[in-house]
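Structure, as structure tokens:
Every number here is computed from the coordinates shown, using simple stated rules; none is lab data. Every value quoted in this text rests on a predicted model; they were computed, and no experiment measured them. Because the Cβ atoms are built from the backbone with ideal geometry, glycine has one as well, and the counts that use them run over all protein chains shown.
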Amino acid sequence: MNTAQKFAELFKVYGPAVIVSQLGVCGLWYGTVFAGVRSGLDYKALAVKVGVDPENEKLKTASDAAIAYIIYKAMAPVRIPITIAIIPFVAKLLRIVPK
């Protein structure tokens, strides 16, 4: 089952808790990465690790928000499983009964 199918199944069971979880986790991750970039995170070393040429002209001229977004997207393999794992917890907090 791919990620989109997993989210679709979870949405059928937990409904709005999936949306709340996804938005919360995405906001937290992006905000953290953006703060790191603004604080001087060595994003060039990270770019090399994810297969992006740090000397790319677009990367050199990109804004902090764009660089943070690139890093945020590269972290999807870590971020998505965490989101999936917390959905039942968020549903319980929101008092959403699984269907």
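Just wondering, is there one or more residues in segment 18-27 that are more than 30 Å from Pro98 (Cα to Cα) and not acidic (Asp, Glu)? Checked segment 18-27: no residue is more than 30 Å from Pro98 (Cα to Cα) and not acidic (Asp, Glu). Checking each residue in segment 70-99 for being surrounded by 12 or more Cβ atoms within 10 Å (Cβ to Cβ), β-branched (Val, Ile, Thr) and within 30 Å of Val48 (Cα to Cα) picks out Ile70, Ile71, Ile80, Ile82, Thr83, Ile84. Among the residues making up segment 1-32, those that are part of a helix (DSSP H, G or I), free of Cβ contacts under 8 Å to residues at least 24 places away in the same chain, of a type outside the set (Val, Ile, Thr) and surrounded by fewer than 15 Cβ atoms within 10 Å (Cβ to Cβ) are Ala4, Gln5, Ala8, Glu9, Leu23, Gly27, Leu28, Gly31.
Criterion applied to Lys58, Lys73, Lys49, Lys44 was being of a type in the set (D, E, K, R) and either closer than 30 Å to Val13 by Cβ or touching a strand residue (DSSP E or B) at 6+ places or on another chain (Cβ under 8 Å) (or both), and the one residue passing it is Lys73. Counting only helices (runs of 4 or more DSSP H) that sit wholly inside segment 33-90, those with at least 2 residues that are under 26 Å from Ala17 (Cα atoms) are 64-74.
On the phi > 0 side of the Ramachandran plot and not charged (D, E, K, R): does that describe Gly15? Against the criterion (on the phi > 0 side of the Ramachandran plot and not charged (D, E, K, R)), Gly15 qualifies.
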